[in-house]
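Accompanying notes for the structure given below.
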């Protein structure tokens with residue numbers, strides 16, 4: 001019996017002997033990978049940030065209808081286009097009993113925008129933050145910027161006194177092999193408190209009875225377990241070992257829909273799955289070429305036209321994905337349907353392009369993929385490798401768990417790697433433009449390790465950042481997408497579906513951003 005099975009057996013025994021009312025308020029759920037870090041400023045992984053929202057809170061938040069509402073800030077005003085003033089909620093305490101005030105907001109925003117913070121790109125327009133009084137802060141921008149509230153929804157507030165005490169005023173990035181006290185410990189203001197943290201095994205939260213907000217849930221305990229295996233996750237749900245699972249395998253949807261006592265939640269997701277292309281090094285990491293063919297647009301187009309997305313959608317995704325030519329979903333502001341037409345699948349044209357680029361016999365390249373992050377991620381990479389082989393490109397697929405995948409990719413160690421982008425927390429095309437398609441500088445281009453660079457696109461991004469006229473802004477977004485499409489800096493694949501399954505006595509909202517919000521969840 002492995003450790004996971006032992007744990008679940010103990011859980012089942014405890015269920016049988018525990019009081020029914022207490023057990024009814026416990027929810028046990030599983031996802032494909034673990035919470036990456038307990039530090040909300042030390043990583044930029046969406047599922048981890050979503051989990052930490054149960055512990056930490058921002059100044060403003062999205063509700064279950066994805067509308068922005070007050071959280072630790074009760075109100076705000078625009079003093080001038082580049083200066084915003086926020087009134088803070090009074091009477092809020094951190095989990096350790098310390099009072100929340102302006103010093104915590106200033107320290108947290110400075111920490112989130114620190115040069116070592118992976119989420120600095122979430123606040124691309126912030127140049128400074130200052131305390132007015134204990135209950136008021138001002139945020140200085142580097143110009144007019146209409147999306148500040150959107151950005152702030154994913155920037156969580158930590159206790160300055162606690163950070164000072166434990167030497168963690170600056171964030172550390174686990175992808176660089178760094179750890180600090182805040183990597184494994186927490187102190188937030190949110191609806192749940194960290195009880196137990198065993199990386200790659202279990203994270204347990206208990207209810208915060210001192211939460212400032214009116215609870216819209218009836219949970220007393222949350223138990224999260226990462227289960228990478230699709231089959232094991234499904235078995236755990238059907239055997240009663242867990243109450244809810246994310247990442248339902250496509251082949252098991254019908255089975256779970258027809259299983260008594262369970263229900264499947266499904267919606268179209270915002271996340272676009274793409275292949276990023278590393279144009280930085282002079283040669284590839286795989287193979288023995290002394291050049292980097294990915295720097296040639298003809299090679300990038302050949303890779304694009306060698307991928308049969310219709311086959312991937314029909315066979316691997318069971319018809320539930322949406323093929324795309326754009327890196328944003330239709331629901332994201334800035335999406336332009338006129339640009340959403342893929343280059344046709346054409347292996348013969350791809351071979352001609354490779355010959356024109358000087359690679360008539362192809363070359364060897366590495367394709368790095370997570371095996372626990374996206375829907376059918378490793379299977380998609382294996383299918384693409386087979387398609388590229390038909391045009392002479394030998395592809396070495398390196399499948400890793402998410403933490404190792406990002407550690408390699410974001411440090412420039414991949415030739416081509418799978419990534420996904422849902423424009424969170426901004427819910428706007430500017431998120432992708434500023435973080436993936438912008439040349440790296442200041443807080444821009446934080447997720448552009450492939451060194452894509454187009455001065456015209458960069459200029460448009462700078463203008464989009466300060467544009468106040470919505471139609472003018474959308475027109476510039478379309479222009480930036482059109483220019484980058486011609487360059488082919490990445491290979492867009494599809495928008496993946498969001499599919500969860502749960503006991504039918506669990507009521508939980510499912511939103512297109514894919515975030516689990518258990519503070520809106522009840523167990524009947």
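Quick one: which of 145-153, 319-327 comes out on top by average Cβ neighbours within 10 Å, and what's the full order, highest first?
145-153, 319-327
Using just the C-alpha positions of the stretch 164-225 as equal point scatterers, what log10 of I(q)/I(0) does the Debye formula give at each q in 0.25 1/Å?
Here log10 of I(q) over I(0) equals -1.08.
For the residue pair residue 453 and residue 322, what label-to-label distance in nm results when each label sits 7 Å from Cα along the Cα-to-beta-carbon direction?
About 3.5 nm separates the two model spin labels.
What order do you get for 417-424, 443-450, 332-339 when each peptide is scored by the mean count of other beta carbon atoms within 10 Å, highest first?
Put in order of decreasing packing, that is 417-424, 443-450, 332-339.
What value, in deg cm²/dmol to 500, does the helix sum -39500 (n - 2.57) over DSSP H runs of n ≥ 4 give at 222 nm once divided by the residues of the chain?
Taking each H run of at least 4 residues, the total per residue is -7500 deg cm²/dmol.
Please tell me the relative contact order of the chain in percent, rounded to the nearest whole number, where contacts are Cα pairs under 8 Å and at least six residues apart.
Averaging sequence separation for qualifying contacts and normalising by length gives 20 percent for the chain.
Which whole-number percent is the relative contact order of the stretch 270-496 (Cα, under 8 Å, 6+ apart)?
32
Can you tell me, using C-alpha contacts under 8 Å and at least 6 residues apart, the relative contact order of the stretch 347-426 as a whole percent?
36
How big is the stretch 56-175 in terms of Cα radius of gyration and Dmax, in angstroms?
Gyration radius and largest Cα-Cα distance of the stretch 56-175: 13.8, 39 Å.
If packing is taken as the average count of other Cβ atoms within 10 Å, what order do 370-381, 286-297 fall into, highest mean first?
Packing proxy ranking, top to bottom: 370-381, 286-297.
Measuring from centroid to centroid over Cα atoms, what is the spacing of the stretch 456-487 and the stretch 42-88 in Å?
Their Cα centres are 26 Å away from one another.
What's the Cα-based Rg to Rh of the stretch 200-308, Rh via Kirkwood?
1.17
Just for the Cα atoms in the stretch 270-496, what are the lengths along the principal axes, largest first, rounded to whole Å?
Result for the stretch 270-496: principal-axis Cα extents of 50, 39, 36 Å.
To check you understand DSSP bridge types, tell me what percent of the beta bridges within the stretch 270-496 (both residues inside) are antiparallel, rounded to 5.
60
Of all DSSP beta bridges located in the chain, what percent are antiparallel, nearest 5?
In the chain, DSSP labels about 75 percent of beta bridges as antiparallel.
Does the stretch 290-404 classify as rounded, prolate or oblate by the C-alpha gyration tensor (a ≥ b ≥ c root eigenvalues; a/c under 1.5 gives rounded; else a/b over b/c gives prolate, otherwise oblate)?
Judged from the Cα gyration tensor, the stretch 290-404 comes out oblate (a/c at least 1.5, b/c at or above a/b).
Round to a whole angstrom and tell me the spacing of the C-alpha centers of the stretch 141-177 and the stretch 275-314.
Going from one Cα centre to the other spans 35 Å.
Only one of the listed values, (i) 166; (ii) 143; (iii) 189, was derived from the coordinates as volume of the Cα convex hull per residue in Å³; which label is it?
(ii)
Tell me the volume per residue, in Å³, of the convex hull enclosing the alpha carbons of the stretch 477-524.
Taking only Cα atoms, the stretch 477-524 has a hull volume of 106 Å³ per residue.
Laboratory data are not the source of any read-out in this text; all were calculated from the coordinates shown. Just so it is clear, the model here is predicted, and its values are computed rather than measured. Methodologically, a virtual Cβ is constructed for each residue, glycine included, from the backbone with ideal geometry; neighbour enumeration extends over all protein chains shown.
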